[in-house]
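Take a look at the structure below.
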Amino acid sequence: MPAPLKSMADAIRVLSLDAVERAGSGHPGMPMGMADVATVLWTRFLKYDAGHPDWPDRDRFVLSAGHGSMLLYSLLHLSGFKSMTLDQLKAFRQLGSATPGHPEYGHTPGVETTTGPLGQGLAAAVGMAIAERHLAARFGADLVDHRTWVVAGDGCLMEGVSQEAITLAGRLRLAKLTVLWDDNRITIDGAIGLSDATDQAARFKAAGWAVKAADGHDAGQVRRALAWATRQDRPTLIACRTTIGKGAPNFEGTHDVHGKALGADEVAATRDHLGWSHEPFVVPDEIYRPWRAAGRRGARTRKAWEARLATSPLRAEFERAVAGELPRHAFEELDRFIAEAEAGQPAAATRQHSGAVLERIFSQIPELVGGSADLTGSNNTYVRNTRILDGPDYAGRYINYGVREHGMAAAMNGLALHGGVIPYGGTFLVFTDYSRPAIRLAALMGIRVIHVGTHDSIGLGEDGPTHQPVEHLAALRAMPNLKVFRPADAVETAECWKLALESRRAPSVLALSRQKTPAVRTTPIGENLSARGAYQLAAAGHPAQATIFASGTEVAVALGARDLLEAEGIGARVISTPCWEIFEDQPLDYQEALIGETPVRVAVEAGVRMGWDRFIGSDGIFIGMTGFGASAPDKSLYRHFGITPEAVAHAVKARL
Ligand SMILES: Cc1ncc(C[n+]2csc(CCOP(=O)(O)OP(=O)(O)O)c2C)c(N)n1
Ligand SMILES: [Mg+2]
């Protein structure tokens, strides 16, 4: 490395060492190994302005190898991001700091996404790169023209989600996406050869990427490789051959340097070895100066961009979309749909209602970008006449994600994080198991992505227990900050869509049925009852002796049971529970009054009991599943597993 660049990179090395040493834990190896590559990228290529971290047309930098967080924190500090002070570096991994163990979205300007679960950053970056192309098509290259850079390690490339991500990116020819692979041939357990013999270059090429190798400690080679990447017509992988822990004389090149404080002796030896004579957390001005200059490099470009935005006829629309605000009349058609459905709706599957809702709102909310993991016809996620999002102009609004549930969910995170897009994507509810790690990150980050999960119970029928969710509602409800919606009919489906779209700080799952179910909301109310999370759908006719709770398709079962009971003079209320998480946010007196104190409480849901005691108490009656389903027509399954109005009524009477 030439002298000024070498000391700039050494500043990253020493800050990372010092921060890890002070915290007593962390990962020095990766930041030290990738310091040279990152210095070239951040001083010559990355388009950013440290004074304006939110500039919408900045390049996105994603540290997929999130354990190397000190690389990112050092870069933010050195290049002059105001909030990344020396004190924050000193507070690395401490409660409330801007420098958590792994980068966390929303804590720190300059952190584009939460990373740590390996492979997620790379897969989210694919979504960011899609968003860039799509918005460039919508608003023009004057306003949207930036690149997405990813630093990924061996672990990211070993994770299965990376395969989904790179094949999707290759198919979509995302030419402005570049992955810088930290090719250090080390993971935690030792040499990469212990567990992997993949020819990564061949793998990426097979997926449609252009690939180049560079010595990650040779600034000239890295610079030429990055310049080359910007000229390609497809996504690019640069295999950066590096030495993990570069600069730590007794540790570099070994797995011991991956993730621990190296100790005072090694830190001192590293300082000697690098020729770095400064105290911990001290960076001399002559090194700050070129770093701060690099951080201001983009200011002129940003100002020119702002001037273009100021005079653009698309300005208001661009600013609204990027701010994540819905159009003023977003829900006009949806509200009309609700009024029509209340006046009379046929029995239909809630997935069909969802498709009908989308038909009505899709043109009103231009930032909606849909898709499905190869189940478009089953998920009812495609709106007629919508163009497919694909090159060369990328203006389409429907993504053929292919059979890649995990990659889809992670890409949706990237679409939402990029801004200007509200992503929704479909698969069978049972396969949220495949996408769960990405859903969890969306919940942790607090971003608006909408998962459409159809075929939400044994009611899907003949495909059998492999496809029938049983524990999934409970498992999804267990996740903090995820809204799980299970609407009962057309009206509730529309209400839940509206709530999901308004949920700016939490992702949503819409659990929808394959099988037909009758209308349960048949009187005009003029209020979004699902916005209470749970509400009384039918009052007791006779003095109330039973309360029956249900969600989705089992609301009709509950209403049927109520009819049977009332016919025998037994008063029964029915409570629909389309979204438990929203119910938990209601005032306590509402919650208590709704649950009530009838002698018998029953819940009906074609899933497991877990969680329902919240409504029915530990002595309540649960009518649902206790094991896996079976392959048969839906009606015979409901009978076989005893999820019928008769079974509910019988259980209530037995208890009374
Ligand atoms: C999904 C997931 N599994 C496991 C881990 C724990 N983990 C963190 S880093 C790492 C090894 C990564 O190796 P590599 O990407 O080559 O990083 P390097 O050691 O080169 O810094 C593992 C297994 C994780 N963060 N995420
Ligand atoms: Mg490695």
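Cβ-Cβ contacts under 7 Å between residues 6 or more apart (or on different chains), taken from a first residue in segment 192-203 that is within 22 Å of G170 (Cα to Cα) to a second residue that is part of a helix (DSSP H, G or I), are listed as Q200/L157. Of all the residues in segment 611-656, those that are touching a residue at least 12 places away in the same chain (Cβ under 8 Å), loosely packed, with under 14 Cβ neighbours inside 10 Å and within 23 Å of Y590 (Cα to Cα) number 1. Elements of the type helices (runs of 4 or more DSSP H) sitting completely within segment 338-420 and holding at least 1 residues that are in contact (Cβ under 8 Å) with a residue 40 or more places away in the chain and β-branched (V, I, T): these cover 350-361, 376-379.
State whether the residues of segment 568-576 include one that is among the small types (G, A, S), under 31 Å from the mean Cα position of the chain (by Cα) and under 17 Å from D489 (Cβ atoms). Yes - at least one qualifying residue is present in segment 568-576.
So how many residues does segment 178-204 have that are open to solvent by 30 Å² or more (accessible area, probe 1.4 Å) and more than 12 Å from ligand 1 (Cβ to nearest atom)? So the count comes out to 7.
Return a yes/no flag: does segment 57-66 have any residue that is within 25 Å of the chain's Cα centre (by Cα), more than 16 Å from ligand 1 (Cβ to nearest atom) and more than 25 Å from L5 (Cα to Cα). So that I can check it myself, show each step before the final result.
Filtering segment 57-66 down to residues within 25 Å of the chain's Cα centre (by Cα) leaves 57-66.
In the following step, the residues that additionally are more than 16 Å from ligand 1 (Cβ to nearest atom) were identified as 57-61.
This time we only want the ones that are more than 25 Å from L5 (Cα to Cα), so: 57.
Yes.
Looking only at segment 84-99, which residues are under 11 Å from M70 (Cβ atoms) and in contact with a Lys or Arg (Cβ under 8 Å, 6 or more places away or on another chain)? Residues satisfying the conditions are F92, T99. Residue check: I166 meets all listed conditions (1) under 16 Å from D390 (Cα atoms); (2) more than 16 Å from ligand 1 (Cβ to nearest atom) but one, namely (2).
Out of segment 130-163, which residues are part of a loop (DSSP other than H, G, I, E, B), within 13 Å of ligand 1 (Cβ to nearest atom) and open to solvent by 20 Å² or more (accessible area, probe 1.4 Å)?
The answer is E159, and nothing else.
Filtering R477, R504, R486 for residues that are modelled with pLDDT of 95 or more and farther than 25 Å from V430 by Cβ leaves a single hit, R504.
Taking first residues from segment 530-550 that are free of Cβ contacts under 8 Å to residues at least 40 places away in the same chain and partners that are surrounded by fewer than 16 Cβ atoms within 10 Å (Cβ to Cβ), the Cβ contacts under 7 Å between residues at least 6 apart in sequence or on separate chains come to H542/G569.
How many residues, within segment 366-418, are surrounded by fewer than 20 Cβ atoms within 10 Å (Cβ to Cβ) and of a type in the set (D, E)? Residues in segment 366-418 being surrounded by fewer than 20 Cβ atoms within 10 Å (Cβ to Cβ) and of a type in the set (D, E): 3 in total. Is it the case that segment 203-220 has a residue that's more than 14 Å from ligand 2 (Cβ to nearest atom), more than 26 Å from the chain's Cα centre (by Cα), in a loop (DSSP other than H, G, I, E, B) and under 12 Å from A239 (Cβ atoms)? No: zero hits.
Looking only at residues of segment 242-277 that are within 16 Å of ligand 1 (Cβ to nearest atom) and hydrophobic (A, V, I, L, M, F, W, C), we find that the one that is surrounded by the most Cβ atoms within 10 Å (Cβ to Cβ) is I244. When S74, S79 are checked against the criterion of being small (G, A, S), open to solvent by less than 10 Å² (accessible area, probe 1.4 Å), more than 16 Å from ligand 1 (Cβ to nearest atom) and within 30 Å of R241 (Cβ to Cβ), S79 stands alone in meeting it. Among the residues of segment 327-337 satisfying the criterion of being in contact (Cβ under 8 Å) with a residue 60 or more places away in the chain and open to solvent by 10 Å² or more (accessible area, probe 1.4 Å), which is farthest from R521 (Cα to Cα)? Going through the qualifying residues, I end up with F331.
Take R521 and decide whether it is open to solvent by 80 Å² or more (accessible area, probe 1.4 Å), assigned to a loop (DSSP other than H, G, I, E, B) and in contact with a helix residue (DSSP H, G or I) (Cβ under 6 Å, 6 or more places away or on another chain). In short, no.
Scan (1) within 16 Å of ligand 2 (Cβ to nearest atom); (2) open to solvent by 20 Å² or more (accessible area, probe 1.4 Å); (3) touching a residue at least 24 places away in the same chain (Cβ under 8 Å) for the single condition A239 breaks and write down its number. Only one criterion in (1) within 16 Å of ligand 2 (Cβ to nearest atom); (2) open to solvent by 20 Å² or more (accessible area, probe 1.4 Å); (3) touching a residue at least 24 places away in the same chain (Cβ under 8 Å) is unmet by A239, namely (2).
Beta carbons closer than 8 Å, at least 6 apart along the sequence or on distinct chains, pair a first residue in segment 296-313 that is farther than 24 Å from F81 by Cα and open to solvent by 60 Å² or more (accessible area, probe 1.4 Å) with a second that is at pLDDT 95 or above and hydrophobic (A, V, I, L, M, F, W, C) for R308/L143.
The residue list G533, G526 contains one member that is within 27 Å of E325 (Cβ to Cβ) and over 31 Å from the mean Cα position of the chain (by Cα), which is G526.
The values are calculated or read from the model by the stated rules, or taken from the named source; none is laboratory data. Predicted, not measured: the structure shown is a model, and the values here were computed from it. No Cβ is skipped: glycine too gets one built from the backbone with ideal geometry, and neighbour counts run over all protein chains shown. Only protein heavy atoms, including side chains, enter the accessible area calculation; ligands, DNA and RNA are left aside. Shrake-Rupley method; radii C 1.70, N 1.55, O 1.52, S 1.80 Å.
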